[in-house]
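The values are calculated or read from the model by the stated rules, or taken from the named source; none is laboratory data. Since the structure is predicted, the reported quantities are computational estimates derived from the model, not experimental observations. With ideal geometry, Cβ positions are generated from the backbone for all residues, glycine too; neighbour counts draw on all protein chains shown. To get the accessible areas, we keep the full protein, side chains included, count just its heavy atoms, and leave off ligands, DNA and RNA. Shrake-Rupley method; radii C 1.70, N 1.55, O 1.52, S 1.80 Å.
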Amino acid sequence: MNHSLVADDAIDFDPFSAEFHDDPQAVYRRLRDDAPVYHSARYGFWALSRYADVVPGMKDFDTFSSGRGITLEQVLAPEPPEQRIPMIIMMDPPEHTRMRKLVSAVFTPRAIAGLEPMIRETVRAFAERLRGDSFDVVADYSNLFPIEVITTMLGVPPEDRQQLRQWLAIPLEREPGQMGMSEAGRAATQASTGYYAALIAERRARPLDDMISRLIEVEVDREAGAATRLTDREILGFISLLAGAGAETVAKLLGSAAVLFGAHPEQWRALRADRSLLAGAFEEVLRYEGPVQYDVRYTLRDVELHGRTIPAHSPVLMLLAAATRDPRSIPEAERFDITRAFSGNNLGFGYGIHRCLGAALARMEGRIGLDAMLDAMPEFTVDPSGLRRSRETSVAGWTHVPVRVG
Ligand code: HEM
């Protein structure tokens with residue numbers, strides 16, 4: 001029996017439409033309530049939105065594969081995944097297990113903790129721009145510093161870092177209704193890939209104390225007993241992913257934080273008065289309006305759920321941002337509350353074997369970034385006329401959040 005209360009076409013869930021970007025939660029609510037297993041005839045995807053369905057789905061990599069990619073465009077692409085630059089986020093076990101072990105070796109909690117002084121200094125330098133009584137939290141600040149942090153770790157010379165940020169943003173941009181990457185997006189991807197390839201070649205010739213040099217050195221067990229080093233393409237895939245996954249997300253999270261706290265000034269005041277609440281504030285912004293809205297998976301077998309069958313070889317949107325606001329599993333899920341004691345899984349960083357590798361780094365950047373905002377804008381209002389949503393694939397947030405201080 002089909003437990004969906006309405007036919008699929010009664011709900012217009014178009015993840016590439018302006019309506020969706022303007023208010024994703026409105027459609028998530030309908031999906032969770034009326035169509036927990038939703039099928040989009042227009043794009044050919046399925047979508048899961050309830051916490052109790054998304055959590056086991058994200059864990060079950062034998063059924064829900066990452067091997068074809070994690071965006072709809074990638075999963076639907078006719079191009080065989082082998083031709084892509086290899087990225088850990090698009091691997092299934094056992095390949096993923098080996099690669100995750102290896103990159104975890106250069107991404108240890110100790111290594112991340114050691115970055116704190118560099119992150120504080122980077123944030124301080126960019127927070128200098130938050131002077132005067134009005135500025136744009138995203139364009140003047142949160143969009144600029146996370147790329148500095150990640151490219152500093154990688155070993156990119158200072159003068160090239162902001163160029164890499166610009167190259168990163170272009171491939172993610174979408175016009176309403178556009179699923180695939182634009183020509184400009186492809187050109188920007190090629191430019192950054194070429195840049196990183198040249199940098200890897202330089203570090204092979206003359207290693208420095210940076211992450212690219214360490215990735216060149218590290219050994220990976222491919223088959224029983226045979227350890228080899230990473231190839232240039234594997235290093236390229238990993239560092240492109242880090243730059244992509246590590247910059248946009250933190251930038252978006254802090255912009256969303258400004259909008260949320262603008263609407264909840266009493267919680268901003270509480271945070272200013274007690275900065276030990278920063279960690280909880282980060283988690284709540286991530287839960288309530290996390291930058292990654294969904295991860296896409298590809299079914300390797302038929303899946304029976306709520307009386308429907310998702311056939312094998314189908315793309316499935318795991319709607320993380322819908323699941324983290326599911327009142328069936330999270331008490332008062334629609335309430336933004338930085339003091340919330342939430343004992344479940346904050347799906348903002350994903351769940352299961354692909355859970356965000358950079359979570360500790362993102363938390364550190366987020367806390368330090370929010371801390372600097374508390375000093376620069378102790379009391380503020382958001383100027384609603386200047387707010388601009390980003391229209392990126394999978395990612396939600398703002399490109400412009402103008403505020404007035406005082
Ligand atoms: C607030 C900031 C961030 C958010 C919301 C976020 C979110 C996510 C999510 C949802 C996934 C799971 C993807 C999937 O299951 O398909 C993921 C994976 C990943 N993230 Fe993050 N991320 C953030 C910051 C970072 C940072 C700072 C880095 C590193 C510099 C990073 C590196 C990665 C990597 C390498 C993976 C792939 C892990 C794997 O496939 O095993 N992320 N992230």
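Identify, by number, the condition in (1) open to solvent by less than 40 Å² (accessible area, probe 1.4 Å); (2) out of contact with any Pro (no Cβ under 8 Å at 6 or more places or on another chain); (3) of a type in the set (Gly, Ala, Ser); (4) closer than 26 Å to Asp8 by Cα that Gly344 doesn't meet. Against the list (1) open to solvent by less than 40 Å² (accessible area, probe 1.4 Å); (2) out of contact with any Pro (no Cβ under 8 Å at 6 or more places or on another chain); (3) of a type in the set (Gly, Ala, Ser); (4) closer than 26 Å to Asp8 by Cα, Gly344 comes up short only on (4).
With Leu76, Leu31, Leu48, Leu102 as the choices, which residue is open to solvent by less than 20 Å² (accessible area, probe 1.4 Å) and more than 21 Å from Leu347 (Cα to Cα)? On inspection, the qualifying residue turns out to be Leu102. Counting only helices (runs of 4 or more DSSP H) that sit completely within the stretch 1-92, those holding 3 or more residues that are farther than 30 Å from Ile235 by Cα correspond to 18-22, 24-34, 51-59.
As a summary of the residue check, Gly307 satisfies the conditions (1) in contact (Cβ under 8 Å) with a residue 60 or more places away in the chain; (2) surrounded by 14 or more Cβ atoms within 10 Å (Cβ to Cβ) except for the one numbered (2). Pick from Ala257, Ala273, Ala312: which is among the small types (Gly, Ala, Ser), at pLDDT 95 or above and open to solvent by less than 10 Å² (accessible area, probe 1.4 Å)? Result: Ala257 is the single residue among Ala257, Ala273, Ala312 that is among the small types (Gly, Ala, Ser), at pLDDT 95 or above and open to solvent by less than 10 Å² (accessible area, probe 1.4 Å).
For the stretch 117-163, the set of residues classified as away from the ligand (no atom under 13 Å from the Cβ), among the acidic types (Asp, Glu) and within 21 Å of the chain's Cα centre (by Cα) consists of Asp140 only. Does Met364 meet the test of being touching a residue at least 40 places away in the same chain (Cβ under 8 Å), within 12 Å of the ligand (Cβ to nearest atom) and more than 24 Å from Pro36 (Cα to Cα)? Yes.
Please tell me if Arg174 is away from the ligand (no atom under 15 Å from the Cβ), at pLDDT below 95, buried (at least 18 other Cβ atoms within 10 Å of the Cβ) and among the basic types (Lys, Arg). So Arg174 passes the test. Hey, among the residues in the stretch 1-23 that are more than 15 Å from Gly177 (Cα to Cα) and modelled with pLDDT of 85 or more, which one's surrounded by the most Cβ atoms within 10 Å (Cβ to Cβ)? Filtering the stretch 1-23 for residues that are more than 15 Å from Gly177 (Cα to Cα) and modelled with pLDDT of 85 or more, the one surrounded by the most Cβ atoms within 10 Å (Cβ to Cβ) comes out as Ile11. Has the stretch 299-311 got any residue that is more than 10 Å from the ligand (Cβ to nearest atom) and within 21 Å of the chain's Cα centre (by Cα)? No - not one qualifying residue is present in the stretch 299-311. With respect to the conditions (1) touching a residue at least 60 places away in the same chain (Cβ under 8 Å); (2) open to solvent by 60 Å² or more (accessible area, probe 1.4 Å), Pro158 lacks only one, and its number is (1). Within the stretch 211-246, the set of residues being of a type in the set (A, V, I, L, M), modelled with pLDDT of 90 or more and open to solvent by 10 Å² or more (accessible area, probe 1.4 Å) comprises Ile216, Leu236, Leu241, Leu242. May I ask you to list the residues in the stretch 353-398 that are open to solvent by less than 50 Å² (accessible area, probe 1.4 Å), more than 27 Å from Ala270 (Cβ to Cβ) and not hydrophobic (A, V, I, L, M, F, W, C)? Hits for the stretch 353-398 are His354, Gly358, Ser390, Glu392, Thr393, Ser394. Checked against (1) of a type outside the set (S, T, N, Q); (2) touching a Gly at 6+ places or on another chain (Cβ under 9 Å); (3) surrounded by fewer than 18 Cβ atoms within 10 Å (Cβ to Cβ), Glu332 meets all criteria but (2).
Restricting Leu260, Leu241, Leu236 to those that are touching an Asp or Glu at 6+ places or on another chain (Cβ under 9 Å), assigned to a helix (DSSP H, G or I) and aliphatic (A, V, I, L, M) reduces the list to Leu260. Selection of helices (runs of 4 or more DSSP H) fully inside the stretch 100-195 by the criterion of at least 1 residues being out of contact with any helix residue (DSSP H, G or I) (no Cβ under 7 Å at 6 or more places or on another chain) returns 109-113, 116-127, 161-172.
Among all positions in the stretch 282-291, there is no residue which is among the aliphatic types (A, V, I, L, M) and open to solvent by 30 Å² or more (accessible area, probe 1.4 Å). Within the stretch 54-70, residues that are on the phi < 0 side of the Ramachandran plot sit with their Cβ atoms under 7 Å from residues that are open to solvent by 20 Å² or more (accessible area, probe 1.4 Å) and of a type in the set (Lys, Arg), at 6+ positions apart or across chains, in these pairs: Thr63/Arg301.
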